[in-house]
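J.: If you scroll down you'll find the structure; I have some questions about it.
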């Protein structure tokens, strides 16, 4: 599968690189999860990546996020492959049918607050780590968990460090854990963590 | 352009990720550089990426590396798009025709020693940094310099830190500088640095 290169030059950001990594593992007809729908950008990316025969589960705890994602998918006629759930991502293990456990090809997290929404309603380390733990059980061999972590808001740096600690403690025999960050003069740019199951 | 996914599951390493990043910027018919031919793996990747209408310049200071690369390219009938130069990469600015200056789409560095060769013959910070400086002048807008830096051999850590310092001092208005590293229990795995020209 191929990254959308309609724009001749893609500027590498945590989000575009998460799509690049995910594109290299997602195949047509895969089942994947957007753990944080937000405004639907990752949900659309995932839905296009898995194609008509695939399936995307999308989670968000905010009504307006689910509505925005529904609207964004509808505008692109992509609703039929998606199931949007107004739930916290730390309930994903019980919400995803057990027949898919161990077979989810990609799980994307985009942490922090909803762009354009209430900046005080943020993802929190405790539920993020619980959702990551559940994600490990859901993930396919060769599959990928990507986490965009933001450092610029209150609590962001704490959450990013919690994600880094989680990733750094996973056994190398079972997982590649990769940190990708901008290093020139951009301390508040988001950091991308990826967990690849071996 | 698309990453080679003949293998169903790619294990993310500094080298496979450098190919993934490069694949997202290289277009058919581009002119690119392999700054460290080694055994020819990156040269082959680049030659296939630019296609029949493209051009690859390959540098190495070791006879056996140029010979190995020539042989590897020949086996795949890829010699016609390549020009192999038995020169240090810190001479690239004078060796690449001036009509290509500012138009090179990708420049790949794979530092350290030649796998299977003399482990004492290693790339050194002074010539690596000079070659990186020249690479900035050669690079196209939207183009990419990738550097795989190894920490496991004598002098490796010093060179990796020199590359990190070089990247971290480039102005954010003109470059995205990105560090990608394994963070779980793998301190000696190579680190990937990427410089994207904006």
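None of the figures in this text is laboratory data; all of them are computed from the coordinates on show. Keep in mind that this is a model prediction, so the values were computed, not measured. Ideal geometry is used to build each Cβ from the backbone, glycine not excepted, and the neighbour counts take in all protein chains shown.
J.: Relative to the other copies, what are the label-point distances for residue B:171, with labels 7 Å from Cα along the C-beta vector, expressed in nm at one decimal and sorted shortest first?
T.: Its label point is 5.1 nm from the equivalent points in the other copies.
J.: Sort B:44, A:107 by Cβ crowding within 10 Å, fewest neighbours at the top.
T.: Working: B:44 19, A:107 30.
The fewest-first ordering by Cβ neighbours comes to B:44, A:107.
J.: Please average, across the residues of A:179-189, the number of beta carbons from any other chain that are within 10 Å of each residue's own beta carbon, and give a whole number. Write out the running numbers ahead of the final one.
T.: Working: counts 6, 8, 5, 8, 12, 15, 8, 5, 0, 0, 3.
Averaged over the peptide's residues, the number is 6.
J.: Determine the gain in length on full extension of the stretch residue A:80-residue A:95; use 0.36 nm per residue of separation and subtract their C-alpha separation, reporting nm with one decimal.
T.: Working: separation 15, 0.36 × 15 = 5.40 nm, distance 1.83 nm.
Gain on stretching residue A:80 to residue A:95: 3.6 nm.
J.: When only Cα pairs under 8 Å and 6 or more residues apart are kept, what is the percent relative contact order across the stretch B:45-141?
T.: 28
J.: Using helices alone, what [θ] at 222 nm do you get for the protein assembly as shown, with -39,500 (n - 2.57) per DSSP H run of 4 or more residues, divided over all residues and rounded to the nearest 500? Don't jump to the answer; show the numbers that get you there.
T.: Numbers: 12 runs with 130 residues, N = 396.
The helix contribution divided over the protein assembly as shown gives -10000 deg cm²/dmol.
J.: Note down the relative contact order for chain A as a percent, whole number, built from C-alpha pairs under 8 angstrom at least six residues apart.
T.: Worked out over chain A, it gives 19 percent.
J.: Inside 10 Å of the C-beta atoms of A:16-29, what's the mean count of C-beta atoms belonging to other chains? Let's see the in-between values first.
T.: Working: counts 1, 8, 0, 1, 6, 5, 0, 6, 13, 5, 0, 2, 0, 0.
Partner Cβ neighbours, averaged per residue: 3.
J.: Please arrange A:91, B:158 by how many other C-beta atoms lie within 10 Å of their C-beta, fewest to most. All intermediate terms of the calculation are to be shown ahead of the outcome.
T.: Working: A:91 16, B:158 11.
If I rank by nearby Cβ atoms, fewest first, I get B:158, A:91.
J.: Compute the label-point distances linking residue B:77 to its equivalents in the other copies; points lie 7 Å from Cα along Cα→Cβ; give nm, one decimal, shortest first.
T.: Copy-to-copy label distances at residue B:77, shortest first: 4.1 nm.
J.: For the residue pair residue A:127 and residue B:16, what label-to-label distance in nm results when each label sits 7 Å from Cα along the Cα-to-beta-carbon direction?
T.: Taking the two extended label points, one gets 3.4 nm.
J.: Stokes-Einstein at 4 °C, 1.567 mPa s, Kirkwood radius from Cα pairs: D for the stretch B:105-198 in µm² s⁻¹? Write down the numbers at each step before the final one.
T.: On the way: Rh = 13.7 Å.
D, rounded to a whole number, is 95 µm²/s.
J.: When DSSP assigns beta bridges and you keep just the ones with both residues in the protein assembly as shown, what percent turn out antiparallel, to the nearest 5?
T.: So the antiparallel bridges amount to about 45 percent of the total.
J.: Pull up the DSSP beta bridges for the stretch A:5-197 and report the antiparallel fraction as a percent, rounded to 5. Provide the component values of the computation, followed by the final result.
T.: Details: 13 of 31 bridges.
Bridges in the stretch A:5-197 that DSSP calls antiparallel: roughly 40 percent.
J.: Hey, another quick one. Would you mind ranking A:100, B:175 so that the residue whose beta carbon has the fewest other beta carbons within 10 Å leads the list? Don't skip to the answer; put the middle values down first.
T.: On the way: A:100 15, B:175 21.
Taking fewest neighbouring Cβ atoms as first place, the list is A:100, B:175.
J.: Sticking with this structure for a sec: Across peptide B:171-178, what mean number of C-beta atoms from other chains lies inside 10 Å of a residue's C-beta? Please report the intermediate quantities before stating the final value.
T.: Numbers: counts 2, 5, 2, 1, 3, 9, 7, 12.
Partner-chain Cβ atoms within 10 Å, mean over residues of B:171-178: 5.
J.: Find the Cα radius of gyration of the stretch A:5-197, compare it with 2.2 N^0.38 Å by division, and give the number to two decimals. Kindly include the intermediate steps, with their values, before the conclusion.
T.: Working: Rg = 15.5 Å, N = 193, 2.2 N^0.38 = 16.3 Å.
Normalised Cα radius of gyration, the stretch A:5-197: 0.95.
J.: Hey, another quick one. May I ask you to list the residues of the stretch A:54-75 whose amide nitrogen lies under 15 Å from a point 7 Å from Cα along the Cα→beta-carbon direction of residue A:87?
T.: Of the residues in the stretch A:54-75, A:56-62 have backbone N under 15 Å from the label point off residue A:87.
J.: How many percent of DSSP beta bridges within the stretch B:19-131 run antiparallel, rounded to 5?
T.: Details: 1 of 13 bridges.
Around 10 percent antiparallel, to the nearest 5.
J.: Would you mind listing the distances between the residue B:53 label point and the same position in each other copy? Use 7 Å along Cα-to-C-beta, nm, one decimal, shortest first.
T.: 3.3
J.: A further question on this structure: Cα centroid distance between the stretch B:99-142 and the stretch A:40-74, in Å?
T.: Result: 42 Å between the Cα centres.
J.: If you look at just the Cα atoms of the protein assembly as shown, how large are its Rg and its Dmax in Å?
T.: 21.6, 65
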